[in-house]
Amino acid sequence: MKSRSEYVCQQCGYKSASFLGKCPECGEWNSLVETVVLTGKDQFPISNFQLEDSLVKLSEVKSEHIKRTSTGFGEFDRVLGGGIVPGSIVLVSGDPGIGKSTLLLQCAMRIASSQFTVHPSTSLRAGSSQKKKKTVNREPTTDNQHCVLYVTGEESAQQVKIRADRIIHSSQLAVDSLQKTKKRKSVNSELLTDNLFILPQTDVEAVVAASVKLEPAFLIVDSIQTLTTSELSGSAGSVGQVRQCAQILQRYAKTSKIPIFIVGHVTKEGNIAGPKVLEHLVDAVLNLEGDGMHSFRILRSTKNRFGSTFEVGVFEMQDSGMVEVANPSQIFLERRLEKKAGSVVCSTIAGGRPLLCEIQALCTSTIFGIPTRRVTGLDFARVQVVIAALLKAVNLPLGNLDIYVNVAGGLKISEPAADLAVALAIVSAALDKPLKDGVCVFGEVGLLGELRPVGNSKSRIAEAKRLGFSDFVTPDKFKTLEEAIEYAVHGGDV
């Protein structure tokens, strides 16, 4: 059976032997994508399929316990659902320079030098209750259970080595500073890299061949946009190349039971570069978020076949690489100024974890005909709705004020539970009057000025109490925005 490539329109299915900027059938521009097709009499030979091996009764499928492996980061394991699943393929995306390569390199170094055991898959084949699936007897020249293959198409092996040495050196300096001793504890860099292999390669067939020969416990590809396959003639990063390379890696991961991490670039619109099918091929899609002006990074899951998508991991970018943040709420509030107008502590939910953050507002007299509205870390349209609710329900004159709203620390909030905190911060800044001491706020604001409850109230309050907050302004205590303002800003009774 032979294979060739042709260009297929992603909108109507029109096929062409060469690339066309505009599809002659449906008229869409840039919709023709190079695709591999099989040629021959039997493109799908039915005789090769064994029906008895394919059809399985659901009642005969044996349940198996998934044995996960730690990445070396507790926050990373939390997002994955408890660790790495054998044979899984994980897509890690994020803005350029956000720390994707650094995080995965640290994971590779920790796995290569850790004592975490990788358990090969010993599950029973579906539909067979007697025969166990044969496991590959691996006896490579290195410790296969901790062997990691790091494929880089953007950097040379020397560049990866420089970054690894910087991480090790900075980590040692941090340990020396923490111990406050002049006697330095030596770090053997070879111990961290004996089982870590670097492969500067862009040919996906060569990557799979090297992985088959080495038989690593983990495979990291940085990045999928640099890989190409000889089956297609398109350049690296094109839709056809990205999709075909992802399919090859996906088939290899499922057959070899080797987990694969893939780095994916992000476009200007914030979407993962390449076709949407790239997200469908993988088992988990992780997005590393953060502000380039701040050191905090949030690892969020948008798809996870082996865990929840409501968990997030919090990291801080330092000279030694990514460092886990055990108590993110305290970190986000440590620089907060007490008894300042325009400052409100809000309890939000990041994934399944409650976080306390500071929402700041600044109101100044405008010098232009149209007042300025600037929002950072929040949905701009949502803040506009809150301002309109203040104008209508509370009769607060904001038409001649420039309003600036910010979430301190670079955190981004997308849930409506921050509406009430935004409203109180704007009122406090406009009146130049701080809120009561020890107040934590959360709740949704409706168009008519009513307060609506939000989920996970108990966990939000428990997190606030743990950090010393004893008073709460929530929809459970107040029905309208006017009542909440009267209590929190003007000091009225409940």
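Below, the figures for the structure above:
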{"read-out": "Inter-probe distance in nm under a simple model that places probes 7 Å from Cα toward Cβ, at I370 and L337", "value": "3.1 nm"}
{"read-out": "Label-point gap, in nm, between F306 and S156 - each point 7 angstrom along Cα→Cβ", "value": "3.6 nm"}
{"read-out": "Extended-chain gain in nm, criterion 0.36 nm per residue less alpha-carbon gap, L467 and T255", "value": "71.5 nm"}
{"read-out": "Candidate aspartates and glutamates for bridging to K458, where Cα separation is under 15 Å - those fewer than 8 sequence places away on the same chain excluded", "value": "D471, D476"}
{"read-out": "Anchor K477: aspartates and glutamates whose Cα lies under 14 Å away (excluding residues fewer than 8 positions away in-chain)", "value": "E444, E450, E486, D493"}
{"read-out": "Highest to lowest packing among 89-95, 298-304, 473-479, scored as the average C-beta count within 10 Å", "value": "89-95, 298-304, 473-479"}
{"read-out": "For region 2-41, alpha-carbon Rg over 2.2 N^0.38 Å", "value": "1.17"}
{"read-out": "Computed label-point distance, nm, for sites E415 and L391 using a 7 Å Cα→Cβ extension", "value": "2.9 nm"}
{"read-out": "Label zone at K479 (point 7 Å along Cα-to-Cβ), backbone N below 20 Å, region 391-417", "value": "392-395"}
{"read-out": "Order of R163, R4 under a 10 Å beta carbon neighbour criterion, fewest first", "value": "R4, R163"}
{"read-out": "Estimated FRET transfer efficiency when R0 is 41 angstrom, pair E324-V61 (beta carbons, to 0.05)", "value": "0.65"}
{"read-out": "Efficiency of FRET between A236 and K436 - r from beta-carbon atoms, R0 56 angstrom, step 0.05", "value": "0.45"}
{"read-out": "Cα-based Rg / Dmax (Å) for region 330-488", "value": "14.4, 46"}
{"read-out": "Under 15 Å from K340, Cα to Cα: aspartates and glutamates that are on another chain or at least 8 residues apart", "value": "E358, D432, D437"}
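None of the figures in this text is laboratory data; all of them are computed from the coordinates on show. Since the model is a prediction, treat every value here as computed from it, not as a measurement. We place every Cβ from the backbone using ideal geometry, glycine too, and count neighbours over all the protein chains shown.
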